[in-house]
1. Considering each of A:Glu215, A:Glu157 in turn, give the residue that is more than 23 Å from A:Val83 (Cβ to Cβ), in a helix (DSSP H, G or I) and of a type in the set (Asp, Glu).
2. Scan the stretch B:129-151 for residues that are part of a helix (DSSP H, G or I), crowded, with 16+ Cβ neighbours inside 10 Å and either more than 16 Å from ligand 2 (Cβ to nearest atom) or away from chain A (no Cβ under 13 Å) (or both) and jot them down.
3. From the list A:Lys84, A:Lys10, A:Lys21, A:Lys25, exactly one residue is of a type outside the set (A, V, I, L, M, F, W, C) and within 27 Å of A:Ala259 (Cα to Cα). Which is it?
4. If the Cβ limit is 9 Å and pairs must be 6+ apart or interchain, which residue in the stretch B:8-27 that is open to solvent by 50 Å² or more (accessible area, probe 1.4 Å) pairs with which residue that is among the aromatic types (Phe, Trp, Tyr)?
5. Among the residues that make up the stretch B:80-101, is at least one of them away from ligand 2 (no atom under 16 Å from the Cβ), touching a helix residue (DSSP H, G or I) at 6+ places or on another chain (Cβ under 8 Å), closer than 25 Å to A:Arg181 by Cβ and of a type in the set (Asp, Glu)?
6. Which residue, of A:Ala200, A:Ala205, A:Ala152, is within 15 Å of A:Leu126 (Cα to Cα), away from ligand 3 (no atom under 16 Å from the Cβ) and assigned by TED's automatic domain parsing to the domain that holds A:Gln101?
7. Looking only at the stretch B:82-97, count how many residues are over 15 Å from the mean Cα position of the chain (by Cα), touching a residue at least 12 places away in the same chain (Cβ under 8 Å) and open to solvent by 50 Å² or more (accessible area, probe 1.4 Å).
8. Being part of a helix (DSSP H, G or I), more than 16 Å from ligand 2 (Cβ to nearest atom), more than 12 Å from chain B (Cβ to nearest Cβ) and in contact (Cβ under 8 Å) with a residue 60 or more places away in the chain: is that true of A:Leu18 here?
Amino acid sequence: MYEVEYKQAKTVADAAALLAKTGGKPLAGGQSLIAAMKLRLAQPGTLVDLSGIADLHGIRREGDALVIGAMTRHAGIASSTEVKRAIPALAALAEGIGDRQVRNMGTIGGALANNDPAADWPAAVLALNATVVTGKRRLAAGDFFKGMYETALAADEIITAVSFPSPKKAAYVKFPNPASRFALVGVFVAQLADGSVRVAVTGAAPAVFRATGIEAALAKSFTADAAKAVKVDASGLNTDLHATAAYRAHLVSVMASRAVAACG
Amino acid sequence: MGIQIAMTVNGKAVDADVDPRTLLVDFLRINLGLTGTHVGCDTAQCGACTVHLNGRAIKACNVLAVQAQGAAIVTIEGLSPDGVLHPMQAAFKDCHGLQCGFCTPGMVMSALDLVERHPGADEATIREQLEGNLCRCTGYQNIVRAVQQGAAAMAK
Ligand SMILES: Cc1cc2nc3c(=O)[nH]c(=O)nc-3n(C[C@H](O)[C@H](O)[C@H](O)COP(=O)(O)OP(=O)(O)OC[C@H]3O[C@@H](n4cnc5c(N)ncnc54)[C@H](O)[C@@H]3O)c2cc1C
Ligand code: FES
Ligand code: FES
């Protein structure tokens, strides 16, 4: 690991100012960032620790929406009665991330800012049409994710919370990589309050995307069979040591159909 | 530039001036000499470095010492301050839940968090919740039995 300076921020404004001044990076749980620093893939001159900012912690209802603070740990989301009541699919997704030690440190804000191509949270945010709230603005899910490890965030912009509108139905099913539990393919299916269907896929491509073919099929018939019947185009999907693009394309329909079945 | 940190480790207040990039596991092992916490992979995969930070199991190779500022840390050494094995440690010994023993401190620390969050966990839950701890020797059967026996002993 390269040399680094460390600062504790007390408020979001304080953190943004420190980032602008130092050109550093926010530190949330560190579960992705510390590994990247060890590999010298990340070289932030300064770490601005967000863990002491009280506003970023916690889960609350705002009207119809469930609002989860950026520094809320995966484990806290998995065990939250508020989350289990409002959108149980989110608690289940959180419980499926990595392992308990990772869930005890890793945060939803860190996972979204990181936008790992195989991360679970981006699928939930995109399928539920959630809003990513930052210190500067509110970003619709569709505008937030830009590409592999890329988001719309500016260098000194901090995610403060994510606001999930309550869906009619939602479920997430992933085919986990047996070693890391990252998604080989993960599919989040949601029927939103207005009846529209959104299907977001992670793990299959360089970044999370919507499976529009499956969405169209489910809009006509919200059944597992309808999802499974859709042939997903493998072009543009990832091929790596874990799976070919064709296998991933097949898994997208299979995971989508399981998610529909899990929607009940 | 060094940074001043203070925390409690196994109930004792400690403070030190550390390089900010110091990993918590290195702080525990090198600065404090608590070598019961092992380093198996150094990449957050194996769980050998598991300790408790404010009562929750974490991988100390993937956390900076500065992130434990003000926290209460418990390591394997903290479980048996008077030399009497903790019921979970005793269960590992009893059930032959270890062979080389390298993974064992992490397994025990992880098991204690598991028992706390999932009292009365069945075998499937125990296996799932130990996902973050790898053992190259035992084949896990006796580890799972040890956790069940340890949990039962702790509930008494
Ligand atoms: C063994 C292992 C297994 C894992 N398995 C999975 C898995 O199955 N599924 C999955 O989805 N993830 C998995 N992860 C990743 C895990 O979920 C991480 O917690 C997450 O990707 C990053 O969250 P963090 O809080 O640790 O962020 P950090 O590592 O602290 O930060 C990650 C990045 O986000 C930036 N950042 C952090 N917070 C903010 C913020 N509020 N605003 C702006 N920028 C911010 C940081 O500057 C950094 O660039 C795994 C990790 C490990 C080590
Ligand atoms: S040494 Fe920390 S997880 Fe392997
Ligand atoms: S007993 Fe040898 S690694 Fe588990």
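The values are calculated or read from the model by the stated rules, or taken from the named source; none is laboratory data. Keep in mind that what you see is a predicted model, and the values were worked out from it rather than measured. Note: ideal-geometry Cβ built from the backbone for every residue, glycine included; neighbour counts use all protein chains shown. Please note that ligands, DNA and RNA were not included when accessible areas were found on the heavy atoms of the full protein model with its side chains. Shrake-Rupley method; radii C 1.70, N 1.55, O 1.52, S 1.80 Å.
1. When all the criteria are applied, what remains is A:Glu215.
2. Initial filter on the stretch B:129-151 (part of a helix (DSSP H, G or I)): B:129, B:141-151.
Keeping just the survivors that are crowded, with 16+ Cβ neighbours inside 10 Å gives B:129, B:142-151.
B:Asn142, B:Ile143, B:Val144, B:Arg145, B:Ala146, B:Val147, B:Gln148, B:Gln149, B:Gly150, B:Ala151, listed by residue number.
3. Unique residue meeting the criteria: A:Lys84.
4. Close Cβ pairs (under 9 Å, with a partner that is among the aromatic types (Phe, Trp, Tyr)) amount to B:Arg21/A:Tyr2; B:Arg21/A:Tyr6.
5. No, the stretch B:80-101 contains no residue that is away from ligand 2 (no atom under 16 Å from the Cβ), touching a helix residue (DSSP H, G or I) at 6+ places or on another chain (Cβ under 8 Å), closer than 25 Å to A:Arg181 by Cβ and of a type in the set (Asp, Glu).
6. So the residue among A:Ala200, A:Ala205, A:Ala152 that is within 15 Å of A:Leu126 (Cα to Cα), away from ligand 3 (no atom under 16 Å from the Cβ) and assigned by TED's automatic domain parsing to the domain that holds A:Gln101 is A:Ala152.
7. Counting residues in the stretch B:82-97 that are over 15 Å from the mean Cα position of the chain (by Cα), touching a residue at least 12 places away in the same chain (Cβ under 8 Å) and open to solvent by 50 Å² or more (accessible area, probe 1.4 Å) gives 2.
8. Details: part of a helix (DSSP H, G or I): yes; more than 16 Å from ligand 2 (Cβ to nearest atom): yes; more than 12 Å from chain B (Cβ to nearest Cβ): yes; in contact (Cβ under 8 Å) with a residue 60 or more places away in the chain: no.
In short, no.
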